[in-house]
Amino acid sequence: QVQLVESGGGLVQAGDSLRLSCVASGRTFSSRVMGWFRQTPGKERNLLAAINWGGTNTDYADSVKGRFTISRDDAKNTVYLQMNSLKPEDTAVYYCAARAFYYPLNTYGWGDWGQGTQVTVSS
């Protein structure tokens, strides 16, 4: 199990960039698959991006493909989400999460969650 703390959210304008960070505590970070999710009020939490252990494999939701990049630095126990060309519809609370397996890419099995960080994109 890992404890996760996100940071880097804020208020930006459409077209701007942000980089979210998620720092993990615990010695098992490097063996965990990491993911970024987002959620808006009244809607379900959606998986945006995932990265496997070692960072050799990444996948993205269609809504963010080509704009967002997930990466990890195991030496720093940190996973990042670089968000470019932000749109108002990207406004949400963003969460990082961890689980033990990579496929299938779905919302099942993500047992470790951060507290979330708010991203607001104005038009």
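The values are calculated or read from the model by the stated rules, or taken from the named source; none is laboratory data. Quick caveat: nothing in here was measured; it's all calculated off a predicted structure. Cβ sites come from the backbone with ideal geometry, for glycine too, and all protein chains shown count toward neighbours. Note: areas computed on protein heavy atoms with side chains; ligands, DNA, RNA excluded. Shrake-Rupley method; radii C 1.70, N 1.55, O 1.52, S 1.80 Å.
Okay, here's what the table says:
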item	result
Given (1) farther than 18 Å from Glu6 by Cα; (2) at pLDDT 95 or above; (3) buried (at least 16 other Cβ atoms within 10 Å of the Cβ), number of the condition Leu47 does not satisfy	(1)
Val121, sole failed condition from (1) in a loop (DSSP other than H, G, I, E, B); (2) touching a strand residue (DSSP E or B) at 6+ places or on another chain (Cβ under 9 Å)	(1)
Tally, over region 50-84, of residues that are closer than 15 Å to Leu105 by Cβ, open to solvent by less than 40 Å² (accessible area, probe 1.4 Å) and in a loop (DSSP other than H, G, I, E, B)	3
Enumeration of residues in region 31-41 that are outside any loop (DSSP other than H, G, I, E, B) and over 18 Å from Asp59 (Cα atoms)	Gln39
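Conditions tested, residue by residue: (1) touching a residue at least 24 places away in the same chain (Cβ under 8 Å); (2) within 30 Å of Gln13 (Cβ to Cβ).
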position: Val33; (1), (2): yes, no
position: Gln39; (1), (2): yes, yes
position: Lys65; (1), (2): no, yes
position: Tyr94; (1), (2): yes, yes
position: Phe101; (1), (2): yes, no
position: Thr107; (1), (2): yes, no
position: Trp113; (1), (2): yes, yes
